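The values are calculated or read from the model by the stated rules, or taken from the named source; none is laboratory data. A quick note: this is a predicted structure, and the numbers were derived from the prediction, not measured. When the accessible area is computed, the model is the full protein with side chains, heavy atoms only, and any ligands, DNA or RNA have been set aside. Shrake-Rupley method; radii C 1.70, N 1.55, O 1.52, S 1.80 Å.
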Amino acid sequence: MKKIIQFFIFSGAVLFTYFSCKKESITPTPVPVNTPEFIADDNTFTDYNKWTLLAERTGKDPLLGIFHNADVPGIIRKVYIKDNAQRVNGQYPVGTIIVKEYRNANGTLADFDQLAMVKRGGVSFNTAFNNWEWFRLDRTNTKIAVIAGEIIRGGTLGDNACNNCHSGAKNKDLVFTGN
């Protein structure tokens, strides 16, 4: 009987594949049925500006690099969290919703899409990045943005730019601002 076992290292986790030429009775590991998952829809972000305000910052911010309109003078960045979600054992609960809003210096909504992150949970969604899903929201109606027919959401949004940047807050469950 020929057996091949391969190991791969991916984002700090060891993955392996197992091949065998002989049929063997292998019991698959069951997926826990009680693993919660929250899938956001267009109504998820309604009235986000009535949620708990986590932070408000004004002006250029070199710490943000090229993201979050960091180079726009006078821009106001507000971060809101739904239901004042709190970390428990270092992690936000599934269903946590955070929105970053952009306003002009005069307080009017800026001409940029808003950004959001949702703790989706589940057993297989963006597990290397704590199950967060990233979103662009259309600034005119707070629905999930659609550009050229594509819904702008996902675990690898912006070619992993969200994941890569937010991994800098790994000890805070990938959330830079908050409790």
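Annotation: extensible slack from residue 171 through residue 106 equals 19.9 nm (criterion: 0.36 nm per residue apart, minus Cα-Cα distance).
Averaged per residue, the range 38-128 has 53 square angstrom of accessible surface, using a 1.4 angstrom probe with ligands and nucleic acids left out.
Taking Rh as the Kirkwood radius, which is the inverse of the mean 1/r over Cα pairs, what is the Rg/Rh value for the range 53-97? Dividing the radius of gyration by the Kirkwood radius yields 1.10. The portion of the accessible surface of the range 93-178 made up by carbon and sulfur, rounded to a whole percent, is 49 (1.4 Å probe; DNA, RNA and ligands excluded).
Give the shape of the range 78-179 as rounded, prolate or oblate, defined through the alpha-carbon gyration tensor: a ≥ b ≥ c are the square roots of its eigenvalues, a/c under 1.5 means rounded, and otherwise the shape is prolate if a/b is larger than b/c and oblate if not. Oblate, since a/c reaches 1.5 and b/c is not below a/b.
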